[in-house]
1. Among the residues of region 105-124, is any without any contact (Cβ under 8 Å) to a residue 24 or more places away in the chain, within 22 Å of Gln159 (Cα to Cα) and of a type in the set (A, V, I, L, M, F, W, C)?
2. Can you pull out the residues in region 82-112 that are of a type outside the set (A, V, I, L, M) and in contact with a Gly (Cβ under 6 Å, 6 or more places away or on another chain)?
3. Among the listed residues Leu112, Leu136, which satisfies the condition of being in contact with a Cys (Cβ under 8 Å, 6 or more places away or on another chain), within 20 Å of Gly10 (Cβ to Cβ) and crowded, with 19+ Cβ neighbours inside 10 Å?
4. Scan region 146-177 for residues that are among the hydrophobic types (A, V, I, L, M, F, W, C) and either part of a loop (DSSP other than H, G, I, E, B) or modelled with pLDDT of 95 or more (or both) and jot them down.
5. Mind checking which residues of region 1-57 are among the β-branched types (Val, Ile, Thr) and either loosely packed, with under 14 Cβ neighbours inside 10 Å or in a loop (DSSP other than H, G, I, E, B) (or both)?
6. Where residues in region 39-95 are without any contact (Cβ under 8 Å) to a residue 60 or more places away in the chain and of a type in the set (Phe, Trp, Tyr), which of them is nearest to Ala21 (Cα to Cα)?
7. What do you reckon, is Glu28 out of contact with any Ser or Thr (no Cβ under 9 Å at 6 or more places or on another chain), within 19 Å of Leu162 (Cβ to Cβ), charged (D, E, K, R) and without any contact (Cβ under 8 Å) to a residue 40 or more places away in the chain?
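The values are calculated or read from the model by the stated rules, or taken from the named source; none is laboratory data. No experiment lies behind these values; they were computed from the predicted model shown. Virtual Cβ from ideal backbone geometry, glycine too; neighbours counted across all protein chains shown.
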Amino acid sequence: MRIEKAPSPGRLVMGVLFTQAGVLLDAEKRVSFLFGPVYRRSETISFVDYTDYYEKEMGQGVNRCFWAFSRPFPRGALAEAKLGTNRIERQLAREGKRAINLDPGLLTPESLVLATTKPYSHRIYLSKGIFGDLTLMLGKGRFECMPWTYPDYRDDRVQKFLGDVRGDLLEGMVAPG
């Protein structure tokens, strides 16, 4: 018989969609207050290369970047993180439309699970109206995509960023902050 034990923490990562640099900076300050400092930032890439889905709400020229947070992140806290980012999105909204989209995810040595409010057959209910979406899993030494993995998470640049964060996690690296 195996005895239950708490799993090791992961690393909180966040996908960010934005059109205005000022809103991006404001959002980073707010999420850092909740989750601690951002210690890694990806390059900014054009989200329009993947879809125009968010342009009606956010305007033209939607960009994507990713943040990784320095503190170890408990595996059971992903739903609360999503609730926090939803509040920040509402605080920064303009005329009822989001000015920023914050998608928290839990990166562990085994996988990346994103938090979402949308149920679907492959999503597991976490709590408080939040579901976990297994987006990437590690296999054969690299990330493997699921049939439902979003196109931007398939991008080599995004996978390199996430791989670097995973490497930090495996090395036990905790950034200052």
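1. No, region 105-124 contains no residue that is without any contact (Cβ under 8 Å) to a residue 24 or more places away in the chain, within 22 Å of Gln159 (Cα to Cα) and of a type in the set (A, V, I, L, M, F, W, C).
2. Once the filter is applied, which keeps residues that are of a type outside the set (A, V, I, L, M) and in contact with a Gly (Cβ under 6 Å, 6 or more places away or on another chain), region 82-112 yields Asp103, Thr108.
3. Leu136 is the lone residue from the list that is in contact with a Cys (Cβ under 8 Å, 6 or more places away or on another chain), within 20 Å of Gly10 (Cβ to Cβ) and crowded, with 19+ Cβ neighbours inside 10 Å.
4. Met146, Trp148, Val158, Phe161, Leu162, Val165, Met173, Val174, Ala175
5. Ile3, Thr19, Thr44, Thr51
6. Only one residue tops the list, namely Trp67.
7. Yes.
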